[in-house]
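Report on the following structure.
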């Protein structure tokens, strides 16, 4: 669990850095391209240090393209959702992926969708609604569809990662996956000339931070995923929005309401109880 908590902290810190970058001239395409290129480069260095060759391409390489496409689709659709919906609504709809992950793993026979899992996911989802401060208001149906598409794409990546290219080591499989993502966004950036560099020094720091934290988080996530399984991974990643709120409070001075604090406690308690009950089962 400690490793996944570090992943949640790293990804959460990346989101906070993204706020700084986006308010200083960086656009979504630039962020997606830079962070995927850096993650790919870091994994390549790791593989070289381990003495693992990436060429010639292994026979199972094609299966990793599916994972890369799923992550690219998730990145695109969540940004479409954010552009059409209030950010809190988009994130809450996206965080249905732990439910879908539990169901998908159960359907594939990789895990049992138990009452313990259902209770933990329900409590965590309710806590996230409080943390995000979601209010009931009319929403754009296309935005909801985009957020659900992002949720399903990420679910598929979590559930299929242990199954696709099982003959490849986790670092090598993750490298090919992230290289696919980097190639997709680099091609789009080159074709549209849509890159937008930071307009200020603060924006440069934000872009560097989001790239570094995202790279560390996404690499850690997909290296740990085969060891811990998609269900446990999805449950613990409910902590990510809580981490974002906490970091924003400390680093950006964004106040937390009593309701958000209660929601954070509920999410943390749900994750901890799920882990403890799992050890005792």
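The values are calculated or read from the model by the stated rules, or taken from the named source; none is laboratory data. It should be emphasised that the depicted structure is a prediction, and the values quoted were computed from it without experimental measurement. Methodologically, a virtual Cβ is constructed for each residue, glycine included, from the backbone with ideal geometry; neighbour enumeration extends over all protein chains shown.
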Would you pick out the residues in segment 94-119 that are in a helix (DSSP H, G or I), buried (at least 17 other Cβ atoms within 10 Å of the Cβ) and modelled with pLDDT under 85?
-> 117
When you go through (1) part of a helix (DSSP H, G or I); (2) in contact (Cβ under 8 Å) with a residue 40 or more places away in the chain; (3) under 17 Å from residue 175 (Cβ atoms) one by one for residue 18, which number turns out not to apply?
-> (3)
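State the number of residues belonging to segment 64-81 that are over 14 Å from the mean Cα position of the chain (by Cα) and modelled with pLDDT of 90 or more.
Adding up the residues that qualify gives 4.
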Listed residues 32, 53; which is more than 23 Å from residue 268 (Cα to Cα), free of Cβ contacts under 8 Å to residues at least 12 places away in the same chain and either out of contact with any strand residue (DSSP E or B) (no Cβ under 8 Å at 6 or more places or on another chain) or buried (at least 17 other Cβ atoms within 10 Å of the Cβ) (or both)?
-> 53
Looking at (1) in contact (Cβ under 8 Å) with a residue 24 or more places away in the chain; (2) assigned to a helix (DSSP H, G or I); (3) surrounded by 15 or more Cβ atoms within 10 Å (Cβ to Cβ), which is the only condition residue 142 fails?
-> (3)
Consider residue 187 against the criteria (1) without any contact (Cβ under 8 Å) to a residue 60 or more places away in the chain; (2) under 21 Å from the mean Cα position of the chain (by Cα); (3) over 22 Å from residue 267 (Cα atoms): it satisfies all of them except one. Which criterion is unmet?
-> (2)
Residue, surrounded by the fewest Cβ atoms within 10 Å (Cβ to Cβ), within segment 71-86, restricted to residues that are touching a helix residue (DSSP H, G or I) at 6+ places or on another chain (Cβ under 8 Å) and farther than 25 Å from residue 178 by Cα | 84
